[in-house]
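Report on the following structure.
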Amino acid sequence: MLKIISDRLYRTDIKARMPFKYGIATMVEVPHVFLEISLSVNGKEQKGISADHLPPKWFTKDPDKDPLDEISEMLDVIHHAMNISIGEEAETPFELWQKIYKPQLAWGIQNQYPPLLSNFGTTLIERALLDAFCKGTNETFFSAVKTNSLGIDLGKIHSELSGSSPLDYLDTAPPTSVFARHTVGLADPLMTDDIIEAERLHDGLPQSLEENIHTYGLRHFKLKINGQQDTDIERLIIIAKILKKNCTDYSFSIDGNESFHDVASFAAFWQKISIHPQLSEFLKNLLFIEQPFHRSLALSDSIGEMTSSWPDRPPIIIDESDAELGSLPKALHLGYAGTSHKNCKGVFKGLANACLLRQKSRENPSATYLMSGEDLSNIGPVALIQDLVVQMSLGITSIERNGHHYFKGLSFFPQSIQSAVLKAHPDLYQASGEGWPQVAIKEGMLSTKTLVEAPFGTGFGDLPLDSFELIYEGLPSN
């Protein structure tokens, strides 16, 4: 029997080493929160931790809303999830998650919060729950998925999967290394010579796209566009030249950042770049296109009309529009190739989505079905590791990573945390020139060997969260 006894939320604010421009937002600093729960596992109390950024303009891309108001809304949904979780009990983690997910979603609808946002609070509880459960049962996350000690009932998320288990679809062993798909943000310098001295960073980390390729041996990339056709094409041409010059082989995805508000404008954009003499060869290395359409359009009937008249379209997936349990089936019906996984959208939902895509692929081998690994600018010591563990369990081997690019590793955190991470995960982290841990990307790959062997990835036990500001303690709602 499992029971959530208490939960606490801690906050620290982190400054980016360089601006991260994604869509309508540019991140220069961001709150980072840690959620800790106490879970009774068969009568024994066990702590579990989760963490994430609170990034404005992702959960609700409203250009008119103050970023501080968006942060307040994110905290509001986290607080509510914390409150309704206290005292909840169930036989399995999956059943316990369901008891939190459903009332949180109903509360969000009542308070006019979009599901993507209200579910964010649930996922923080969910991840801390999984961390505590794996520690309390001395299981790795992959083993818990494989044996289904998590109690996952796939049919309760996707009815087509009734009577099956994750093991029927997922790989029998997780990968021990994955591609770091490097984000090229809209404000990122591309060529080193273009960086003016006043904007040059001197922190021992690469800054331009060229420098990142040479430093990390990058081979997979995620290219941001913003729907401004001429600007996007000009930038893609420069990137194409850089990759051709500096990479022996490479692949890339394009992130549309919800920039297109009608089908015709995206179709015209793609037609133009697909026949462009400086891009046609480049596009042969395309993996997929991520969420080009604004969420107000992305799951509308007009998408189905577009796909039915465009049989040779590139693979297009949803990301921000994957807000509810039924979002992926609806997207597949409209002609999308799949969806992304981020822990902030839900672990159990991600597992069920991966299984559904595997089933669809078996039923129709000639079609393209895919799940990508994307990022919320994740950083360690918790969020990055837990996200990687889930991505590996889903069998995803090309995963967007950019937290190490926009933030200075774990330099923000106390020395005790830095030392614990370096000791527990010497393959994933290495000491920088200044001593603080930085993600170790070698030949474009991340090693995940020590993550596979740890409970929910984090092999360093409990963290001293009292180093951060305690901003909320859950209050039982009943």
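When Gln430, Gln391 are screened for being polar (S, T, N, Q) and buried (at least 23 other Cβ atoms within 10 Å of the Cβ), only Gln391 passes.
For Ser366, indicate whether it is without any contact (Cβ under 8 Å) to a residue 24 or more places away in the chain and part of a helix (DSSP H, G or I). Against the criterion (without any contact (Cβ under 8 Å) to a residue 24 or more places away in the chain and part of a helix (DSSP H, G or I)), Ser366 does not qualify.
Here is a yes/no grid of residues against (1) closer than 30 Å to Asn138 by Cβ; (2) outside any strand (DSSP E or B); (3) over 20 Å from the mean Cα position of the chain (by Cα):
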{"residue": "Asp7", "(1), (2), (3)": "yes, no, yes"}
{"residue": "Tyr10", "(1), (2), (3)": "yes, no, yes"}
{"residue": "Ile49", "(1), (2), (3)": "yes, no, no"}
{"residue": "Lys61", "(1), (2), (3)": "no, yes, no"}
{"residue": "Asp69", "(1), (2), (3)": "no, yes, yes"}
{"residue": "Gln98", "(1), (2), (3)": "yes, yes, yes"}
{"residue": "Leu105", "(1), (2), (3)": "no, yes, yes"}
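Looking at this structure, is Leu150 within 27 Å of Ile441 (Cα to Cα), of a type outside the set (Asp, Glu) and either under 21 Å from the mean Cα position of the chain (by Cα) or part of a loop (DSSP other than H, G, I, E, B) (or both)? Spelling it out, it is not the case that Leu150 is within 27 Å of Ile441 (Cα to Cα), of a type outside the set (Asp, Glu) and either under 21 Å from the mean Cα position of the chain (by Cα) or part of a loop (DSSP other than H, G, I, E, B) (or both). Residue selection: Leu299 fails the criterion of being under 28 Å from Ser162 (Cα atoms) and touching a strand residue (DSSP E or B) at 6+ places or on another chain (Cβ under 6 Å). Of the residues making up the stretch 153-169, at least one is more than 20 Å from the chain's Cα centre (by Cα), at pLDDT 95 or above and of a type in the set (Lys, Arg).
Conditions tested, residue by residue: (1) exposed (fewer than 13 other Cβ atoms within 10 Å of the Cβ); (2) modelled with pLDDT under 95; (3) of a type in the set (A, V, I, L, M, F, W, C); (4) more than 26 Å from Glu211 (Cα to Cα).
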site: Lys224; (1), (2), (3), (4): no, no, no, no
site: Gln228; (1), (2), (3), (4): no, yes, no, yes
site: Glu234; (1), (2), (3), (4): yes, no, no, no
site: Ile254; (1), (2), (3), (4): no, no, yes, no
site: Ser280; (1), (2), (3), (4): yes, yes, no, no
site: Leu287; (1), (2), (3), (4): no, no, yes, no
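Every condition in (1) in the same structural domain as Gly43 (by TED's automatic domain parsing); (2) touching a residue at least 40 places away in the same chain (Cβ under 8 Å) holds for Lys99 except the one numbered (2). If I filter the stretch 165-198 down to residues being touching a residue at least 60 places away in the same chain (Cβ under 8 Å) and of a type in the set (A, V, I, L, M, F, W, C), which single residue comes out as farthest from Gly256 (Cα to Cα)? Checking each candidate, the answer is Leu170.
For the stretch 94-109, filtered to residues that are aromatic (Phe, Trp, Tyr) and closer than 23 Å to Thr458 by Cα, the residue that is surrounded by the fewest Cβ atoms within 10 Å (Cβ to Cβ) is Phe94. In this structure, does Gln112 turn out to be surrounded by fewer than 21 Cβ atoms within 10 Å (Cβ to Cβ), free of Cβ contacts under 8 Å to residues at least 40 places away in the same chain and either closer than 22 Å to Phe59 by Cβ or in contact with an Asp or Glu (Cβ under 9 Å, 6 or more places away or on another chain) (or both)? Taking the combined requirement at face value, the residue satisfies it.
Scanning the stretch 274-305 for residues that are more than 28 Å from the chain's Cα centre (by Cα) and assigned to a helix (DSSP H, G or I) returns Ser274, Glu305. Per the conditions (1) of a type in the set (Asp, Glu); (2) not assigned by TED's automatic domain parsing to the domain that holds Tyr250; (3) not in a loop (DSSP other than H, G, I, E, B), the sole criterion not satisfied by Glu139 is (3). If the condition is being at pLDDT 95 or above and either of a type in the set (A, V, I, L, M) or crowded, with 23+ Cβ neighbours inside 10 Å (or both), then the stretch 43-60 contributes Gly48, Ile49, Ser50, Ala51, Asp52, Leu54. In summary, Met191 fulfils each of the numbered conditions (1) more than 24 Å from the chain's Cα centre (by Cα); (2) aliphatic (A, V, I, L, M); (3) in the same structural domain as Ser50 (by TED's automatic domain parsing) with the single exception of condition (3). Of the residues making up the stretch 147-173, those that are among the charged types (D, E, K, R) and either in contact with an Asp or Glu (Cβ under 6 Å, 6 or more places away or on another chain) or more than 15 Å from Phe348 (Cβ to Cβ) (or both) are Glu160, Asp168, Asp171.
The values are calculated or read from the model by the stated rules, or taken from the named source; none is laboratory data. Note that the structure is a prediction, hence the values are computed from the model and not measured. FYI the Cβ positions are ideal-geometry reconstructions off the backbone, even for glycines, and counts take in every protein chain you see.
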